[in-house]
Amino acid sequence: MNHQCSVIATLKLFATKWKPCIICYLAQAPLRYNELYRVIPNISRKMLSEHLKELEANALIVRVQYDDKLQRVEYKLSEKGKSLLPILDQLQDWGLSNLTDVLSIREMLASAAM
């Protein structure tokens, strides 16, 4: 597998609209489904469920079921999931440093095209 293919394959594991957000919240603490649903703005229940299943299937999060009366389930980052945190931190730093400029350039180009 060449370098470009491994980058694309890696991005497919976690680079969707919601997965980085889920990973960042789980980096702070293990959370239950409803807690995640409450803290992630505008995500649908269906999308949250799908992404949690995919992240678990890719070994980036762990679903922990507690055997008590409430059948409580929590989600937490796996060690593999934790290894993504420095990458997400770098993406956040890049965004904070560059996003305003990129969006301004995009607006100028859109205005010029009209």
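Since every read-out is calculated from the coordinates, none of them should be taken as a lab result. As the structure is a computational prediction, the values presented were derived from the model and not from experiment. In this analysis, Cβ positions are derived from the backbone assuming ideal geometry, glycine residues included, and neighbour counts consider all displayed protein chains.
Taken about its Cα centre, the chain carries a charge dipole of about 400 debye when Lys and Arg each add +1 at the Cβ and Asp and Glu each add -1 at the Cβ. The simple spin-label model puts a point 7 Å past each Cα toward its Cβ; for GLN65 and ASP93 those points are separated by 4.1 nm. Contact order, relative form, for the chain: 23 percent (alpha carbon pairs under 8 Å, 6 or more residues apart, mean separation divided by residue count). Going down the list LYS46/LYS69; LYS17/LYS53; LYS12/LYS76, which pairs span over 18 Å between their C-alpha atoms? Going by Cα-Cα distance, LYS46/LYS69; LYS12/LYS76 fall outside the 18 Å limit. With the charge dipole of the range 3-83 set up from +1 on Lys and Arg Cβ and -1 on Asp and Glu Cβ about the Cα centre, the Cα lying farthest toward the positive end among the listed residues ALA27, MET47, LEU77 is that of MET47. Can you tell which of ASN98, SER6, ALA57 lies farthest toward the positive end of the dipole of the range 1-104, using +1 and -1 charges on the Cβ of basic and acidic side chains (Lys, Arg; Asp, Glu)? Of the options given, the answer is ALA57. Can you compute the helix-only [θ] at 222 nm over the chain? Use -39500 (n - 2.57) per DSSP H run of at least 4 residues, normalise by all residues, nearest 500 deg cm²/dmol. Only helices count here, giving -20500 deg cm²/dmol.
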